[in-house]
Structures are given as structure tokens and as C-alpha cells.
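The block underneath contains the structure these notes are about, expressed in C-alpha cells.
The values are calculated or read from the model by the stated rules, or taken from the named source; none is laboratory data. Since we're looking at a predicted model, the values are computed, not measured. Glycine gets a Cβ as well: all are built from the backbone with ideal geometry, and neighbour counts include every protein chain shown. SASA here: full protein model, heavy atoms, side chains in, ligands and nucleic acids out. Shrake-Rupley method; radii C 1.70, N 1.55, O 1.52, S 1.80 Å.
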Amino acid sequence: MTNKSVTPPLARRVPHSFTRHGITVEDPYAWLRDPGYPDVKDAEILSYLNAENAYFEATMAPHRALVDTIVSEMKGRIKDDDSSVPQRDGDWLYWNAFDAGGEYPKWYRRKFAGGADEVIIDEPALAAGHDYFRLGGHAVSPDGRLLAYAVDTNGSERFVLKVREIATGIDLPDVIENWRYGLIWAADSRSFLYTDADENWRSKAVWHHRLGDQQSADREIYREHDPQFTVSLGRTQSRRFATFSSGDHASNEIRLIPLADFSADPILVSPRVPKRLYDLDEREGTLYIRTNDTHLNFRVVTAPVSAPSQWTEIIAGSDRHYILGLTTFRNLMVIEERIDGLSQIRLRDYADGAERYIAFPEASFVAGLAGNREYEVDRLRLTYQSMVTPNTVYDYHLGDGRLETLKVREIPSGYDASQYVTERLMAPARDGVMVPVSIVYRRDFVKDGKGRLHVYGYGAYGHAVPPGFSTNRLSLLDRGFACAIAHIRGGDDLGFGWYLDGKLDKRTNTFNDFVDVTRYLIAQGFAAPGRVTAAGGSAGGELMGAIVNQAPELYGAIGAHVPFVDVLNTMLDETLPLTPGEWSEWGNPITDKAAFEYILSYSPYDNVSAQDYPAMLVTAGLNDPRVTYWEPAKWVAKLRATKTDDRTLLLKTNMGAGHGGKSGRYTALEEAAEETVFFLTQVSNRDAPVA
């Protein structure tokens, strides 16, 4: 793909170093961080990013026809006027639907007993005039009259929240600046709780806003003072209590406040304990608590609301059953879990503890609850998919155990599941641990080492990558790729211990697992070295940076999206939005020399060396508050100056977007298509020699 007629930009090297714990680290591209961030105005920095974008466009220009073809394919798999299945919430049914050709949906409701449809949010109207738009969340008041909604128009995730009278469509004077992912209405619909983002984009407080008041008059009802902890809001299924959890990735504590009285003193359920997490729901005065205090895979205990710290076990922890969450409906408890790494939904009666599991039609799948808003239920709304089965919405009828299919994702251009095969394999890691791999390929794929293989991974924060369906993936599958998901340590695919074995001083297990999975799949005949592509984003982008430093010969092309690659510098800077809360994940190199040395040993930016690298497509967002733009920019600059090959290296920075890239269901397809074309043009087909 490399366009020899254009020259890639070379960022200047500026001598810069720092010393900590007696160790000196060179950082010649530190100047790419604008000191005015998040307001990036430095002319030289912007010039460099724009030059990289121009080089990206020039390199991709000969392949625009193929990009357009792939975009057309991807569009053809999307139902133009798609809509969600209506979901009951009290007296109303709620759903969303796209107009034909629309980038964003409209949100509707109608009376459950029947009546006319009402538009409650018109996203296309809100997005008009903006290059980027995201609806951050919305909540209808208990009396059904008002709608609180939040929007972001630049990708910074600093939302503006407004309140609208649904009947008239008129916004009230109430405006909340810097809203951040939390809103709970009071029972009387006259006020709500929310969390905001402080100057460092951290949620440290819970605020009470009364309708009609200025934001400056809002009452702070809780503030977290530990710099490593942030606050999040929730609500019990019974709608009796709002919950606010204060914690990091390793420990937390939860408080309750009744929706009927936000002036009441919050109830602390159990004070924070190091390395203990818990969450909860409430039913008829009893708390049902999921906690990992005595077993890594969590157990379930109960406690009266009146004595919330007096815990009584009802479900013991298990090495095989990993309890992911629980919901306490009035008439039954639902437990979402994984057994041997595979999704399961367990139903439990309160009276006698009798349990049963919902049966699904495939051996390997992803299933879970889907927005069940009612407290008393006679059916459960579920989502279901697998590597070969499109997203399906079911109602599970409690009375007779029947799964009623409400919607199967339509693929207008056509899809025949019988033409694809999926497997679940176990790959040996170098330390003897067996790592699960989910893989899908066309039935006519031949495992002779001449095919092409794409491997995806994440491996951080205990986030499992489910073996789900992807319509975009079909563009690779139908061109001869096998596509795999490596369920590496750092995720919680095989339980909470699987997560712990890929964090802190075990972080390199994650990178080793991915490389070892790749080698295993090569040995199984899915591809040869150099015919493998790989991709990951954010912490998965860190993974990409680590694997190309460790085993570049295995990969022909890499997609690293908003990659967290400047790990050491970021973890040393406690003024950055996420850093203090991330120390429980990566270690604190400020105070801990061992953590400093360990992070330095694998941080992708710090370990770029004079060797051949695969072709690489790197993306960034100028307004990204999670992985700041200068991380991928510094990494690419250092790679250009250091690597010994002439393979393609591209950096594309979205100058008006953040961590998630472009918004809009169709606009976002262009970036997905560009990555697909990058892989197709960088990695040879079956009949060509490996580059």
C-alpha cells in the first residue's frame, strides 16, 4: 500500500528526559503534548497532526474505490429504517427507530393501553449542524411528563444536560454543564441526582438539582475525597433507592438514599475494604449483594436495609460459576453468570431457593438481560447472539419456559449462517495456561497455512470480549479471512482470577497470551507468519503496541485504535483525567519503584526499537479524554524515526471527535471500511507470497 510518491511526515526530536527512582527515561517527543490541553492550539502540533492526516489520505487515495465498495457492503447489511423492540416501563412502551437514511434514531413512546406514538427525542434534530453528536443518556420522570437528556457535540464526553417537557417539546431553563453518566429522578419528579465531571474529568460528587434552580444552587449530597476513587449512580429494580458507588478497579463502597426523600442521610451499606468489590439490588426491604470478599468469582449475600452490613450468604462462591450480576425482580431473582467461560442466565425463587437455567439453542453464545424496567414480571427481555447468529431479541416466558423471538437482526443484503463455521479452541500459553479462542470462518476455508487470519483482543479491566456477531466482519470473512477473538488474561472471560492474572505485576501475561494464541492458530493452519492481521483499541491498542515490539514477524498488518501506548508517562501524571483511578489497574510508578520498572519494561512507546515492524494503521481523537491524542502521536513519531522497514505506517487523528471516533451509524462505517481495506491491501491473498 505504501505510496512512494508521498513522503511521510517526520516529527522533530527534541531532547527531553526525566529521572525517577534513579532511572532516567528519554522522551524526545514529549513536545507533542499541548500544555493547554484540553484546548489544543499549538500551531506546530496541529501542523504535524494535519500532515499525518494528509499522508493518510494520500496513501489511501489509490484504494478509495475499494473503501467505497466496502462501505456499500457494510451499509447493505444495515436495515435502513431499523427500530428496536418496544419495552414497557409503567404505563408506557418505549423504543427507538431510524428514518430511512438517518444517521441517528428518534426515540418514541405510546401508552401501553394503546394510543398515538409520541416522539420524545429527535436525535437528528439535535445533531443538526454538528460534525459530531452523541446522546449521552436520557431519563423520563416518574410522572411521565419530563425528559432529562444529555448531549456531547465534540467527543470530549463533557455533556450538557437539559430537561424537556414532553408534551410541548420545550426545554425548561434547567441546564447542567459537564454532566457525566448519572441521573436518577426523585419519586415526585421535582428533582434529580446527578454526577458531573470536575476540572480533571473525574466524577467526585453527587449533586441534587431541584427543577427551576440554577446549577450553582445544587446541593452536594456526597463527595469522594480519595483521589483514586470516582462516584457512579444507580437505582434499585424496586425503584425505592438510588445508589451511589465510590470506588476504583479493586474496591468500592455503596450508599443508598430513598427516591422518596433526597434530603435523607445516605445509608452506607458497608465501608470500603481493600481488594473487595460489591454491588447490590433491593427487594421488599432486603438487600441482595454480589461480592468477592470470600471468593474471587463472587458470592451472593443478603442483608436487611435496616442493618445493611449484616450479611448472610445465600449463594456460595464457585470456581466454575462466575457471577457477573444480579437483578431482584419482585417475583424472582435473575443471576447473570459465566460457566466455564460461557454465558448463562440463572433464575432463583425467593421462597425455597429453587433454581433453573434458561436453555439456548447453541453451545457457544452471548446472552443477557436487556433493559427490563418493570419490578413485577411475567417475562424477561433477553438479547442473544453468537459468532454466526445475528443479534436476537427474545421474551422468556416465566410460566412455561418458552423463548419467544421478537426480533432477529435483519441483514438486507442477505446472510446465510450455514456458510460459516465457528469453533471454540484452547491455545497453550508459554506458562502452560490454556487460553480460550473463539474463531469463525467460511465453510470453504482451507486450513493449509495459505489463508489469512485476523485476531482481535482487549485484555484489561476485567472486560471480556464476548463471542458475538458482527456484520462488518463479514467483509473479511467473505474475502478469505478467518476471524478470531483471543480471550486473553486481563479480561474476565474465565472468571475474576483471569482478570487478576493480567493486571499490575502480571500485565505481560496479556501480551504473551495474544502472541501465543497467534502462534497456535498459525500452527493449526489458519495462516502463515505475515498473513495475520490484528486489532485492538484503547487498552487493546496498548496490546497491539506490545505485541509488535515482542513478535513483529507474526503480523502483516495492525490496527491500533486510540491506543494507550505511553503507559509510563500517563501513569506518572496524576493531573490527567484517569490516572489516579488507574493505579489499581497498572500500578503507581510515582511511589513504587518496582511498578515504575515493570511498566517501563513493557510500555509500547518506551520499547520501540530498531527492528522491522508490521504495517500499521493508528487512530486518535483530538478531544479524547481517555487516551489523549499525544499518546498515539508520540508513538507513531518514534516508530517513524526508529523502525528499519519501509512498510506502511499511518496515523489518522479525528480533529473533532474523541475516544469513539466518528459518530453516526453510517458515517462511522467509513473508518471501519478503511481498516478493512488496510488489512486487505497489506496482507497478501492465498496465491501471493508473504511480503
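Some values worked out for this structure:
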| read-out | value |
| --- | --- |
| Within the range 1-37, tally of residues that are more than 25 Å from Leu576 (Cα to Cα), aliphatic (A, V, I, L, M) and at pLDDT 95 or above | 1 |
| Output for the range 284-314, where each listed residue is under 30 Å from the mean Cα position of the chain (by Cα), assigned to a strand (DSSP E or B) and not β-branched (Val, Ile, Thr) | Leu287, Tyr288, Arg290, Arg299 |
| Residue in the range 15-49 that is surrounded by the fewest Cβ atoms within 10 Å (Cβ to Cβ), counting only those that are in contact with a Pro (Cβ under 9 Å, 6 or more places away or on another chain), touching a residue at least 60 places away in the same chain (Cβ under 8 Å) and not in a loop (DSSP other than H, G, I, E, B) | Arg20 |
| Filter result (surrounded by 18 or more Cβ atoms within 10 Å (Cβ to Cβ) and of a type outside the set (A, V, I, L, M, F, W, C)) within the range 303-314 | Pro308 |
| Count of the range 491-531 residues which are touching a residue at least 60 places away in the same chain (Cβ under 8 Å), among the hydrophobic types (A, V, I, L, M, F, W, C) and either closer than 13 Å to Pro436 by Cβ or crowded, with 23+ Cβ neighbours inside 10 Å (or both) | 6 |
| Search result, residues across the range 537-558 that are among the hydrophobic types (A, V, I, L, M, F, W, C) and either within 17 Å of Gly502 (Cα to Cα) or under 20 Å from the mean Cα position of the chain (by Cα) (or both) | Ala539, Leu543, Met544, Ala546, Ile547, Ile558 |
| Which listed residue is open to solvent by 60 Å² or more (accessible area, probe 1.4 Å), under 22 Å from Leu406 (Cα atoms) and touching a Phe, Trp or Tyr at 6+ places or on another chain (Cβ under 6 Å), from Asp91, Asp99 | Asp91 |
| Test: Tyr350 is open to solvent by 40 Å² or more (accessible area, probe 1.4 Å), out of contact with any Phe, Trp or Tyr (no Cβ under 7 Å at 6 or more places or on another chain), of a type outside the set (Val, Ile, Thr) and part of a loop (DSSP other than H, G, I, E, B) | yes |
| Residue list for the range 573-607, restricted to those being among the aliphatic types (A, V, I, L, M) and open to solvent by less than 30 Å² (accessible area, probe 1.4 Å) | Leu576, Ala595, Ile599 |
| Criterion (part of a helix (DSSP H, G or I), of a type in the set (D, E, K, R) and open to solvent by less than 60 Å² (accessible area, probe 1.4 Å)) met by exactly one of Glu57, Glu52 | Glu52 |
| Residue ID - farthest from the chain's Cα centre (by Cα), chosen from residues in the range 644-670 that are assigned to a loop (DSSP other than H, G, I, E, B) and under 19 Å from Leu543 (Cβ atoms) | Gly661 |
| Condition check for Val636: in contact (Cβ under 8 Å) with a residue 40 or more places away in the chain, part of a loop (DSSP other than H, G, I, E, B) and open to solvent by less than 40 Å² (accessible area, probe 1.4 Å) | no |
| Breaking point among (1) under 30 Å from Leu568 (Cα atoms); (2) without any contact (Cβ under 8 Å) to a residue 60 or more places away in the chain; (3) part of a strand (DSSP E or B), for Asn96 | (1) |
| The range 103-128, subset of a type outside the set (Phe, Trp, Tyr) and in contact with a helix residue (DSSP H, G or I) (Cβ under 9 Å, 6 or more places away or on another chain), residue surrounded by the fewest Cβ atoms within 10 Å (Cβ to Cβ) | Glu103 |
| Filtered residue count, the range 592-610, keeping only those that are touching an Asp or Glu at 6+ places or on another chain (Cβ under 8 Å) and in a loop (DSSP other than H, G, I, E, B) | 2 |
| Matching residues in the range 549-591 - criterion: being outside any helix (DSSP H, G or I), at pLDDT 95 or above and either under 16 Å from Arg202 (Cβ atoms) or of a type in the set (S, T, N, Q) (or both) | Asp573, Asn588, Thr591 |
| Number of positions in the range 315-342 that are open to solvent by 30 Å² or more (accessible area, probe 1.4 Å) and assigned to a strand (DSSP E or B) | 5 |
| Unique match (being acidic (Asp, Glu) and at pLDDT 95 or above) among Glu362, Glu355 | Glu355 |
| Candidates Thr648, Thr653 - the one that is of a type in the set (S, T, N, Q), in contact with a helix residue (DSSP H, G or I) (Cβ under 6 Å, 6 or more places away or on another chain), at negative phi and crowded, with 17+ Cβ neighbours inside 10 Å | Thr653 |
| Qualifying residue in the range 81-88 (condition: in contact with a Lys or Arg (Cβ under 6 Å, 6 or more places away or on another chain) and open to solvent by 30 Å² or more (accessible area, probe 1.4 Å)) | yes |
| Total residues in the range 608-622, condition surrounded by fewer than 17 Cβ atoms within 10 Å (Cβ to Cβ) and out of contact with any Pro (no Cβ under 7 Å at 6 or more places or on another chain) | 2 |
| Pick from the range 209-227, criterion under 18 Å from Ser189 (Cα atoms) and among the polar types (S, T, N, Q), ranking: least open to solvent (accessible area, probe 1.4 Å) | Gln215 |
| Any chance Leu193 is under 23 Å from the mean Cα position of the chain (by Cα), closer than 15 Å to Gly137 by Cβ and hydrophobic (A, V, I, L, M, F, W, C) | no |
| Cβ pairs under 6 Å, 6+ apart, first in the range 192-216 and of a type in the set (A, V, I, L, M, F, W, C), second not in a strand (DSSP E or B) | Ala197/Arg158; Trp201/Pro577; Trp201/Pro625; Trp207/Asp218; Leu211/Arg190 |
| First in the range 233-251 and more than 20 Å from Glu376 (Cβ to Cβ) and open to solvent by less than 30 Å² (accessible area, probe 1.4 Å), second anywhere and among the acidic types (Asp, Glu) and assigned to a loop (DSSP other than H, G, I, E, B), Cβ under 7 Å, 6 or more apart | Ser246/Glu224 |
